[in-house]
1. To the nearest 20 debye, what is the magnitude of the charge dipole of region 104-172 about its Cα centre, counting +1 on the Cβ of each Lys and Arg and -1 on the Cβ of each Asp and Glu?
2. Could you check what % of the DSSP bridge pairs in the chain are antiparallel, to the nearest 5?
3. Sort region 1-91 into rounded, prolate or oblate with this rule: let a ≥ b ≥ c be the square roots of the eigenvalues of the Cα gyration tensor; rounded if a/c is under 1.5, and if a/c is not under 1.5, prolate when a/b is larger than b/c, oblate otherwise.
4. Please report Phe61, Phe216 as a ranked list, fewest other C-beta atoms within 10 angstrom at the top and most at the bottom.
5. Taking a label point 7 Å from the Cα of Ile51 along the Cα→Cβ vector, which residues of region 1-21 have an amide N closer than 16 Å to it?
6. List the trypsin sites (Lys or Arg not before Pro) within region 160-247 that fall in a DSSP loop (any state other than H, G, I, E or B) and whose Cβ has at most 15 other Cβ atoms within 10 Å.
7. Multiply the residue separation of Glu70 and Glu295 by 0.36 nm, subtract the distance between their alpha-carbon atoms, and state the gained length in nm to one decimal.
8. Exactly which chymotrypsin sites (Phe, Trp or Tyr not before Pro) in region 364-399 are in a DSSP loop and have at most 15 other Cβ atoms within 10 Å?
Amino acid sequence: MLSRLTLIEIQPTALESFRAKASDDFDLELPESNLIVQDIITEPHLNTYDILVGNPPWANFADLPTPYKEELKPFFVAEGLVPDKRRVLLGSSRTDIAALVLKVVLGRLLRKKGVGSFYLPSSLFFGGDAHIGFRNYTAHHRPFHVSEVYEFSTSKVFENISASYCGARIQMDIRQGFPVRYFREVSGAWLEHSAVPLNRQDDQWRVIDPGDSLHFKSPIGSKLNPAQKPRQGVNTCGANSVFIFDEKPSYLPSEYLYPLVTKEIWHDDSLIPHRWILLPYDPRTGRPLSWSKIEEFAELRDYLNRNRTLLEARKGTLIRAAISKGIWWALLGVGPYSFAPYKTIWEAYGKKQFRPILLGDFSGKVWQGNQAMHAFIPSWNEEDAKRIQKGLLNPDLSSLLKQLNGAGKCN
């Protein structure tokens, strides 16, 4: 019976640890030929199997070593996870490598009607556009069907893991159908729910409580024009110490200092700034100030020059593009929308309640959100801002966000 089991592992040391544990704990010796050290993505595997059980690595493409990224790009495209190599570098860099491993092993290692059971990051089912390519539910031109998912909450399958994870059962050569049986761990028991896509088949899932309807009584949301695309706050790209201040600095020109949104706005209903942010930008265009304009303000020029080394050392594809053009004082998440006079804004990181509030200005300066902790919709008149806030306060919207598994996460 042992000869029918095969173990594939990319790390030789992990394979040796397994060999020793199987021998010491269970007095078992698997045949040497069945213990295979292999990169299952890049190296062809000759055998096929009835059942796969696995725990593919959980890491975003962006977190991988640069040489390995280059090696993997063609495989992301070949497996339909991204449309082209360029997209791997943009939004799809958030694609988890687990999605690629899964596509490879399901499509190439499982026999007809084979079954796989895997520990997976929940983001494959609840992430946004980054995992649309996984949710076409095909692997190597073969359909697959996610039939059951078990979301772990209290049980710790893996120690020191902050990501949300689940167990999933997948059947090959059957087209995906909905609803999917979805189990949540509650007080030591598994409570069954139903999972359905938001709208399209490849959308992120909604988890419906037992007895609840799949549909809402009325439409949810507010109509937005293209300029009102929801945005995250300002991203300093690791330079908070340069751009963010606990008190408004008197030595910098006040026209480029803005009140920064903090938790006190929601917790204490306080509209007094607790922090300030420096934005060396033209508020009319949302573009960085030219250096010649900065030189009109000696204090600003000297301050930025003192921090030039730190600002030029920032990492990240988008900020490096600005630095390479000589605009080393740039930030991300700044545009005309940042200077709209009204923002319907909410806390977007680690919160379990959705509380959108409306902010105007403080002493004539518009509030700014702080990186991924906040998200907002800009408005250029108060009436429109109130309309949007009213739409977002619909209790059905809060219910929908929880169904999308957003509570307590970064969304």
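Only the coordinates and a few stated rules stand behind these numbers; no lab work does. Bear in mind that the values here come from a model prediction, so they are computed numbers and not experimental data. We place every Cβ from the backbone using ideal geometry, glycine too, and count neighbours over all the protein chains shown.
1. Its charge dipole is roughly 480 debye.
2. 80 percent
3. prolate
4. Ordered by Cβ neighbours within 10 Å, fewest first: Phe216, Phe61.
5. In region 1-21, the label zone of Ile51 (backbone N under 16 Å from the point 7 Å along Cα→Cβ) covers 1-8.
6. Qualifying residues, ordered by number: Arg175, Arg200, Lys217, Lys223.
7. Here the answer is 76.8 nm.
8. Sites meeting the loop and neighbour criteria: Trp380.
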